Amino acid sequence: MITIVSGSNRKDNKTVHFARYVHGQLLKEAGTTVHFLDLSGLEGNLITETMYKDQPQTIQHIQDHYFIPSTKFWFFIPEYNGSYPGILKLILDAISVREYDKSFVDKRACITGIASGRAGNLRGMDHLAEVLNHLGMHVHPNKNPISSIYKLLDAENSLVDKDAEASLQKQMRQFLNF
């Protein structure tokens with residue numbers, strides 16, 4: 001099973017459109033189950049004083065339905081203050097206290113950075129790759145920076161840039177063989 005993670009909990013974020021594009025492509029080509037985890041759909045308070053002892057039900061659901069059964073993950077991460085969103089780090093931290101090995105160890109990950117600027121979240125991808133490696137995951141070396149995203153989407157938020165499509169298609173082929 002492959003899980004696509006759209007790594008922003010911001011409502012109406014643009015990252016989700018790139019993640020949905022790849023999700024649709026993988027559904028056609030992966031030959032396995034492909035799940036989609038959109039962090040902008042999270043509701044309720046995930047941060048509690050006992051969150052590591054008594055996991056919120058949302059965290060348990062994410063772990064049990066997305067992380068444990070998956071062998072591969074594709075993270076789409078927007079640039080937030082020179083890194084990746086804190087909500088993704090919070091979820092990785094919360095999941096790590098229960099069923100650690102089943103959730104992370106020897107699984108494969110791919111990362112695509114999304115940014116309105118010109119660097120495509122290069123630093124954020126490196127930060128996330130370091131965390132995923134620490135958790136025991138193997139990160140694909142092609143960390144794909146997607147830059148100037150407002151030029152790549154049309155008014156309906158569909159991907160219209162052929163170079164961006166080609167870049168994601170190449171990354172997808174590599175990831176499927178990883």
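The values are calculated or read from the model by the stated rules, or taken from the named source; none is laboratory data. Values in this document were obtained by computation on a predicted structure and should not be read as measured data. Note that we place each Cβ from the backbone using ideal geometry, even for glycine, and neighbour counts take in every protein chain shown. The accessibility values were calculated without ligands, DNA or RNA, using every heavy atom of the protein model including side chains. Shrake-Rupley method; radii C 1.70, N 1.55, O 1.52, S 1.80 Å.
One table, with the values for the structure above:
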item: Extreme residue, farthest from the chain's Cα centre (by Cα), among residues of segment 86-112 that are modelled with pLDDT under 95 and surrounded by 22 or more Cβ atoms within 10 Å (Cβ to Cβ); result: Ile95
item: Meets criteria (buried (at least 20 other Cβ atoms within 10 Å of the Cβ) and free of Cβ contacts under 8 Å to residues at least 24 places away in the same chain) for His23; result: yes
item: Test: residue in segment 74-85 that is aliphatic (A, V, I, L, M), in contact with a helix residue (DSSP H, G or I) (Cβ under 7 Å, 6 or more places away or on another chain) and either under 25 Å from Ser167 (Cβ atoms) or open to solvent by 70 Å² or more (accessible area, probe 1.4 Å) (or both); result: yes
item: Qualifying residue in segment 149-164 (condition: among the hydrophobic types (A, V, I, L, M, F, W, C), closer than 23 Å to Met1 by Cα and assigned to a helix (DSSP H, G or I)); result: no
item: Residue under evaluation Gly31, criteria (1) at pLDDT 95 or above; (2) open to solvent by 40 Å² or more (accessible area, probe 1.4 Å), criterion not met; result: (1)
